[in-house]
Structures are given as structure tokens and as C-alpha cells.
Amino acid sequence: MLSIEDFYIIGSNDNTLDEIPEIDPYFNDGEFLLFIRLGKPDLGYKLTYYLGNKQSTQDATPIYRLDCDDDDRYCYDGDYFALSCYYLPDMTGQCGSNRFNLSNTIFALPFSGYIIAEVCHRVQNQCVTHTQRVVFR
């Protein structure tokens, strides 16, 4: 079944208990960790993380994408999929092996925004999302 069972972010404030993670670009390269546990559909899924200024993927910037199919045993069915990202002082960032540029967004430091996890069924075109507000310092 297609679902996001759990999704949370650990910000560079090093406090996993905060309701709103803070990401400081001048502390430890602004590292933040994304943890997600998916209920994987039989025919695979596409996982995309977005950065945006509202709780929807509309006008949001994709920062990471992962495609999985039913033959790929590395899609973390039922396990946490962890991804390490960095937000750098020069407005660029790195998320996993993909780079993204925050200067293409409307944000300026400091700001608060949302990281949105979207998982879509590869065949049925059905999607579910989960959002987490973050504060960039």
C-alpha cells in the first residue's frame, strides 16, 4: 500500500525533539537529515523531496528524487530511508548525490519554509505527501 508511515527531519540545531527543525548554514555546513519510512506499493514508487514556501508541491523546488520499481530490492520497503543534506552559506546545497541551488527559490536568509516528501505510485499515478516546516537561520 502506498503510504508515508513516518517522516521527520533532524536539523543542525542538533535537537531531535524540536517541533520545527532549525538548519543553520554556518553550523556544520547546515547539515540536516531526512528520515522517511514508506509503505511500498507492489509495483514501485517515485520518492521526491521538495523545498517550498507553502505546504504543497506547487511552486516548490525538487531537491532529491528516487525511482524504485518492483525489481529493485534497495527501495527500503518498511525500513527508514535516511538522506543527508547540506545547506551551505553561499545559497547552494547538496542532498544525497544530487545538487540543488536555493538561489533559484524566493527565499533569503533567514526564512522558514517547508520540506515536502511526496511518494507516487509508478503505475497508478496516485500520490501522497507529508510536510515538515523548517527554519533556516
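The values are calculated or read from the model by the stated rules, or taken from the named source; none is laboratory data. Computed from a prediction, not measured in an experiment: that's the story for all the values here. Neighbour counts are summed over all protein chains in view; Cβ atoms, including those assigned to glycine, are modelled from backbone coordinates with ideal geometry.
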request  = Search region 47-69 for residues that are closer than 21 Å to ARG37 by Cα and touching a residue at least 60 places away in the same chain (Cβ under 8 Å) and pair each with any residue that is in a loop (DSSP other than H, G, I, E, B) and of a type in the set (S, T, N, Q) when their beta-carbon atoms are under 6 Å apart and the residues are at least 6 apart or on different chains.
outcome  = TYR50/THR57
Whichever residue in region 29-56 is closer than 20 Å to TYR80 by Cβ and assigned to a loop (DSSP other than H, G, I, E, B) and, among such residues, is modelled with the highest pLDDT = GLY44
request  = Considering every residue within region 114-131, establish whether at least one is at pLDDT 60 or above and among the aromatic types (Phe, Trp, Tyr).
outcome  = yes
